[in-house]
Amino acid sequence: MGCGSSAPKSPTEIRLEKALKRKRIELQEEAELAKKGAVAGGKPHVPLTLESIIMKFLKVKHAIVVMKDTFAANTQTDGTLNFDGLVKAMAILHGSMTKNDIRLLFDFVDLDDSKSIEMKEFLVALAVGHCLDMVPEVVGEATMQRQKDTNVVAPAPIAVVSPENSKIAKEIAEMLDLIVGAWILFDSKGKGYIEKTAIAAVMGDAGGTGRVKNKGTGSAMGDEKMKQMDIDNGGTVDFAEFVFSFASWVDIEEDEE
C-alpha cells in the first residue's frame, strides 16, 4: 500500500488516483449546488457527510448480500478467493473484464501477499474496479457478443439484462459510490492518502453517530481510528486500507438475518 510513501506507484495506483480526482471534482460540484439550494430530479442536492453516507449504506443491504453471495460461491476451502476464484466472481458481476485487468486488481488488493483474498479485500477489488469503470455490469447480449470476439473472461450465466439484474447492478454501484464518497470526505484535499488530522476532523464532525461504533470526537478518535485504518503502519491511510476499514464500520461481514 502506501500511497503516501516514496515507493514507485503501480499503473493501477496511477489510474486510481486519476479516477478519484474526477470523482472528487464531481462531488465538489454537487456540494456547490447543494449550497445554492439547487434541485435535481425534483429533489434538492444534499451535502455529503459521513453520517449521511452511513445511513444511505444501510439502504443497500441487498447489494451487500449479492456481493457476499458472489464471494462465498467462489471461495476455496479456507474461505478465501485465489486468482481463479476472483476471475469467476468478477465474471458474475462484470462479464467483460480481461484476465489481465483482474490480475491487476488481485495484486493490488492482496494486502498481505498471501495469493488469496478475504471478503474485505474483495470489497476493495470491487471499489477499485468501480472507480476504474470495470465493475459492476450486468451481462447483456452486446457484452456476450463482444466476449466471443475478444480474449475476455467467459460470461456469467445471465444471458440478458432483466429488470431485476439491472436493479442489482444499480444497487452495487450505489454501494460502491458511497464508499468512494466517504474516501473523498477524508481525503478532501486530494493528497491520495489520509492523515490522522483528517480522520479527527471528519469523525469529530460526525460526532461518533450512526454506525460508526467508537464514541468520542477530535484527536482521541483520530488516534483510535488511525490505528485501525493504517494497516501497514506507514503513517498514512491509502484507498485500499480505507475501504478495508470501512467494511468494519458498517458491519459488512456480519451475517444477514
Can you name every residue in segment 172-204 that is open to solvent by 30 Å² or more (accessible area, probe 1.4 Å) and assigned to a helix (DSSP H, G or I)? E174, D177, L185, K196, T197, A201
Verdict on F57 being among the aromatic types (F, W, Y) and either surrounded by fewer than 17 Cβ atoms within 10 Å (Cβ to Cβ) or under 20 Å from I231 (Cβ atoms) (or both): no
Which of the residues belonging to segment 60-89 are closer than 14 Å to A173 by Cα and either among the β-branched types (V, I, T) or open to solvent by less than 40 Å² (accessible area, probe 1.4 Å) (or both)? V60, A63, I64, V65, V66, M67
Which of the residues that make up segment 63-93 are assigned to a helix (DSSP H, G or I), charged (D, E, K, R) and under 15 Å from I117 (Cβ atoms)? K68, D84, K88
Inside segment 94-114, can you point out the residues that are assigned to a helix (DSSP H, G or I) and of a type outside the set (V, I, T)? K99, N100, D101, R103, L104, L105, F106, D107, F108
I64 - would you say it is closer than 20 Å to W183 by Cβ and at pLDDT 90 or above? no
Within the group V109, V139, which residue is surrounded by 15 or more Cβ atoms within 10 Å (Cβ to Cβ), touching a strand residue (DSSP E or B) at 6+ places or on another chain (Cβ under 9 Å) and at pLDDT 85 or above? V109
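The values are calculated or read from the model by the stated rules, or taken from the named source; none is laboratory data. Values in this document were obtained by computation on a predicted structure and should not be read as measured data. Positions of Cβ are backbone-derived with ideal geometry, glycine not excepted, and every protein chain shown enters the neighbour counts. When the accessible area is computed, the model is the full protein with side chains, heavy atoms only, and any ligands, DNA or RNA have been set aside. Shrake-Rupley method; radii C 1.70, N 1.55, O 1.52, S 1.80 Å.
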